[in-house]
Amino acid sequence: MFSMYQFPDPEESISGMVCATDDLSIDLLVSAYLQGIFPWYREDMGEAVVWWSPDPRFVLFPEDLHIPKRLKRFLVHNRYTYTMDVVFDEVVSHCASVARPGQKGTWIGPRMRKVYGELHRAGLAHSIEVWHEGVLVGGFYGVLIGCIFYGESMFSLMSETAKSAFVLFVQAFTECGGKLIDSQVYTANLARFGARNISRNAFLRLEKSLLYTPLSRNLNTVFAEKHQNYLSEDSIFY
């Protein structure tokens, strides 16, 4: 289905930068994920497409998920609606436009939005949406290959929207046999949920087996079930 490209060995990169290309295609993107690599560059500044494989790698093992007490209470009492893969392109656009402290502009340029949209239509990229009275108010997107989810970006326009969606997603992902969530580099937001650094070598070893282990259940179906159940069942917050 995809043409595969061989990237330089990530283990030979001290800085985490693997290489740069002029092209950004779905074939390159899939090839990169299969080799523990991802694109990150400033398109609006005319940069070439830079491919990274950082050391260490910031990841969340689903069994380590920590849900702060405040967020547990919020999930029990909130009345947001959560969906999966309903408006992928909208979610990516919001992630690109949301203001972030200390960051000017965005790394999610038109080419990035286009290629991830293609990846979504190929069934590998997914979005989680949060709705309030029919309006999209939060969400995130990422790439699912085997039993690894590569988180890319999230946004919140109302309190706790992306965080609550992430908890429901991780719980559904776990029930489906998901083994690893990749956050690429450290963020305080994911650290609060139990994410931690592992060596690049350890990450690449995990990839070799987990990329080719399919989920045991349909993630969209289980996520929908999780959304329906959380309103009345405190027990889902393990």
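Here is a list of conditions, (1) out of contact with any helix residue (DSSP H, G or I) (no Cβ under 7 Å at 6 or more places or on another chain); (2) under 30 Å from Phe2 (Cα atoms); (3) surrounded by 14 or more Cβ atoms within 10 Å (Cβ to Cβ), and Tyr186 meets all of them except one; can you say which number that is?
Here Tyr186 meets the rest and fails (2).
Looking at Leu28, Leu60, which is the one that is more than 17 Å from the chain's Cα centre (by Cα) and within 21 Å of Ser153 (Cβ to Cβ)?
So the residue among Leu28, Leu60 that is more than 17 Å from the chain's Cα centre (by Cα) and within 21 Å of Ser153 (Cβ to Cβ) is Leu28.
Which residue out of Glu160, Glu175, Glu207 is surrounded by 15 or more Cβ atoms within 10 Å (Cβ to Cβ), touching a residue at least 60 places away in the same chain (Cβ under 8 Å) and more than 16 Å from the chain's Cα centre (by Cα)?
Glu160
Does Leu231 meet the test of being surrounded by fewer than 19 Cβ atoms within 10 Å (Cβ to Cβ), modelled with pLDDT under 95 and not hydroxyl-bearing (Ser, Thr, Tyr)?
The answer is yes for Leu231.
Quick one: is Gly109 without any contact (Cβ under 8 Å) to a residue 12 or more places away in the chain and farther than 23 Å from Glu63 by Cα?
no
Does Ala165 satisfy the condition of being buried (at least 21 other Cβ atoms within 10 Å of the Cβ), small (Gly, Ala, Ser), farther than 23 Å from Gln35 by Cβ and under 14 Å from the mean Cα position of the chain (by Cα)?
In short, yes.
Condition first: open to solvent by 20 Å² or more (accessible area, probe 1.4 Å) and among the small types (Gly, Ala, Ser). Now tell me which residues in segment 75-100 satisfy that.
Answer for segment 75-100, where residues must be open to solvent by 20 Å² or more (accessible area, probe 1.4 Å) and among the small types (Gly, Ala, Ser): Ser93, Ser97, Ala99.
In the set Val143, Val170, which member is under 19 Å from His227 (Cα atoms), under 15 Å from the mean Cα position of the chain (by Cα) and among the β-branched types (Val, Ile, Thr)?
Only one candidate passes the filter, namely Val170.
Considering segment 104-135 alone, what residues qualify as being open to solvent by 10 Å² or more (accessible area, probe 1.4 Å) and not in a loop (DSSP other than H, G, I, E, B)?
Correct list: Pro110, Arg111, Arg113, Lys114, Glu118, His120, Arg121, His126, Trp131, His132, Val135.
Test Ile145 against the stated conditions and say whether it is in contact with a helix residue (DSSP H, G or I) (Cβ under 7 Å, 6 or more places away or on another chain), open to solvent by less than 10 Å² (accessible area, probe 1.4 Å) and modelled with pLDDT of 95 or more.
no
The conditions are (1) assigned to a strand (DSSP E or B); (2) of a type in the set (Ser, Thr, Tyr); (3) in contact with a Pro (Cβ under 9 Å, 6 or more places away or on another chain), and Tyr82 fails exactly one of them. Which is it?
The single condition Tyr82 does not satisfy is (3).
The values are calculated or read from the model by the stated rules, or taken from the named source; none is laboratory data. Owing to the predicted nature of the structure, the values given are computational and were not obtained by experimental measurement. A quick note on method: Cβ atoms are made from the backbone with ideal geometry, for glycine too, and the neighbour counts reach across all protein chains shown. Each accessible area value is taken on the protein alone, full model and side chains, heavy atoms only, with ligands, DNA and RNA left out. Shrake-Rupley method; radii C 1.70, N 1.55, O 1.52, S 1.80 Å.
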